[in-house]
Every structure is written in structure tokens, then in C-alpha cells.
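Okay, so here's the structure we're looking at.
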Amino acid sequence: AQSVTQLGSHVSVSEGALVLLRCNYSSSVPPYLFWYVQYPNQGLQLLLKYTSAATLVKGINGFEAEFKKSETSFHLTKPSAHMSDAAEYFCAVSRFSGGYNKLIFGAGTRLAVHP
Amino acid sequence: SAVISQKPSRDICQRGTSLTIQCQVDSQVTMMFWYRQQPGQSLTLIATANQGSEATYESGFVIDKFPISRPNLTFSTLTVSNMSPEDSSIYLCSVGGGTSGSQNTGELFFGEGSRLTVL
């Protein structure tokens, strides 16, 4: 069954530092993978997605992620953190069930950005 | 993308009561998905609502506790019945939107959520 594991429930970086949020997936078929961001008291917003095209995926707000099949990973990165990046980040994998794809979410990683 | 509106945005409820959450989408969609996010937790799929048929519930969720209506292609409701403090959560409505070729990818667009606190 498809699943994702996010390593690190909390990550803290300094403003301007590299952001790296880790996600490993488990899937018996080529997966569709997603990163979502949730700001306080808001719903989820799609950052980027991998749907079997280019393995390096660029998203909004300067984020990108690389699909590595050999490592079953889809880590999220940003070269330089901004204070506004402080939020909860969720990795998700699609699971085909009942005739359509559903999203299965990881536990989430809370990113804190310090001045 | 789709614009999704949920009502109420938040509410405080008494134990034993029921509350209905409304979800309105600005375009016609086939599938709507209801998720629960318990405090400090990730999202868990409650059920999938397809217009014109009964909702499909995930393991651990039952229709008596979470009845869902889907009267048309732009609207759905989720009722949380006989609430207890353990039902305090954010309830999120979502709709699908992504395709790869002819296949739906599972990509979802979310509403802002309905934050319920049960006393």
C-alpha cells in the first residue's frame, strides 16, 4: 500500500539558510507525489507535484523537489529561507482505490525560520 | 484550480450535539473528499462523495457518525453527529483537479477548513 514518511516533525533554520524537508515514499506502482503547505489557520496549498514527467520539479515560492526512484525519496528544498516560509509542510502520495486516486498524507513537518 | 468555500469556519459545540459543515465549489466537480485534521496531526481521509451515489467511507469512519450529502455537482455537507471532545478537529473539504494524460493524479484543492471545538 502506498504511504509516505516525513523525517523530522520539526525543522528549524535561519533566514537565508537552505531548507531541506525529507519525504520517503512507499509504492508498488509509479507514484504521483505532492508537497502541500499549510499556514496557520488556513487550508492546504499545493506547492508542487510529481506526475512522472521531469524528476526535478519546481513549485511556487522558490521551492523544488527531486524524485529519486532509487532512494524512494521526494525531498523538498529551497536555497534560501524566508521568514514567510514558516508553516507546516505535508508530503503526500496518491493511492488508487475504488476507481480513482486518493491522497495519503505524511505526518507533516513544521518549519520554523529564525532571524 | 477550484475555489472552495466552507461554512462555518469555526465553531464551539457542546458534547452530544451535531453540526453540519457546508462545502461550496465554484465549478462542477465529480468527486469531493472530506478530511479530518486532529490537533497537531496530519490529514486523514474520512470519505469520498460522488454526486448521485452514497459516500464511500474509509476504514474507521462510519455513516452514522459522519453522514454526508452530495445533492449536486457543486455542493456537499458533512455532519459530525453526537459530538465528543475527541471530535475536536479541523474538517477540510477538497476536490480533485489534476490529470496526467487521461488519468486523475489525485491532486486536490482544499477549502480553508472548519475548525470545531467540542466542550
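The values are calculated or read from the model by the stated rules, or taken from the named source; none is laboratory data. The structure presented is a predicted model; accordingly, all values stated were derived computationally and were not measured. FYI the Cβ positions are ideal-geometry reconstructions off the backbone, even for glycines, and counts take in every protein chain you see. Note: accessible area is taken over every heavy atom of the protein model, side chains too, but ligands, DNA and RNA are not part of it. Shrake-Rupley method; radii C 1.70, N 1.55, O 1.52, S 1.80 Å.
One quarter of the convex hull surface, Cα atoms only: what value does that give for the protein assembly as shown in nm²? All intermediate terms of the calculation are to be shown ahead of the outcome.
Values: hull surface 50.8 nm².
Orientation-averaged projected area of the Cα hull: 12.7 nm².
Restricting region B:1-76 to trypsin sites (Lys or Arg not before Pro) that sit in a DSSP loop and have at most 13 other Cβ atoms within 10 Å of their own Cβ leaves B:15. Ordering A:100-110, A:74-84 by mean Cβ neighbour count within 10 Å, with the highest value first, yields A:100-110, A:74-84. What the phi angles of region A:45-50 give under the Karplus curve with 6.51, -1.76 and 1.60, with θ = phi - 60°, is a coupling list of 10, 6, 8, 6, 8, 10 Hz, glycine and proline written as x. Note on region A:49-115: Kirkwood radius taken over Cα pairs, Stokes-Einstein applied at 4 °C and 1.567 mPa s, translational D equal to 95 µm² s⁻¹. In terms of accessible area, using a 1.4 Å probe and ignoring ligands and nucleic acids, B:95, A:11 rank largest first as A:11, B:95.
Measuring between their Cα centroids, region B:46-83 and region A:47-86 lie 33 Å from each other. For residue A:78, the aspartates and glutamates whose Cα falls under 18 Å of its own Cα, not counting residues fewer than eight places away in the same chain, are A:15, A:64, A:66, A:88.
Annotation: average projected area of chain B is 7.3 square nanometres, based on the convex hull of Cα atoms across all directions. Lacking any other cysteine beta-carbon closer than 4.7 Å, the following Cys residues of the protein assembly as shown have no compatible partner: B:13. Distance cut-off 24 Å, Cα to Cα: go down the list A:49/A:102; A:58/B:7; B:7/B:65 and report the pairs above it. Table pairs above 24 Å Cα-Cα are A:58/B:7. The gain in end-to-end length when the residue B:81 to residue B:1 segment is fully stretched comes to 25.7 nm, 0.36 nm per residue minus the alpha carbon separation. Listed by chain and number, the aspartates and glutamates whose alpha-carbon sits under 14 Å from that of residue A:68, ignoring those within fewer than 8 places in the same chain, form an empty set.
For chain A, the fraction of C-alpha pairs more than 16 angstrom apart is 57%. Rounded to whole numbers, the Karplus 3J(HN,Hα) couplings from phi for region A:6-20 are 9, 8, x, 7, 9, 10, 10, 9, 8, 4, x, 7, 5, 9, 9 Hz, using 6.51 cos²θ - 1.76 cosθ + 1.60 with θ = phi - 60°, and x at Gly and Pro.
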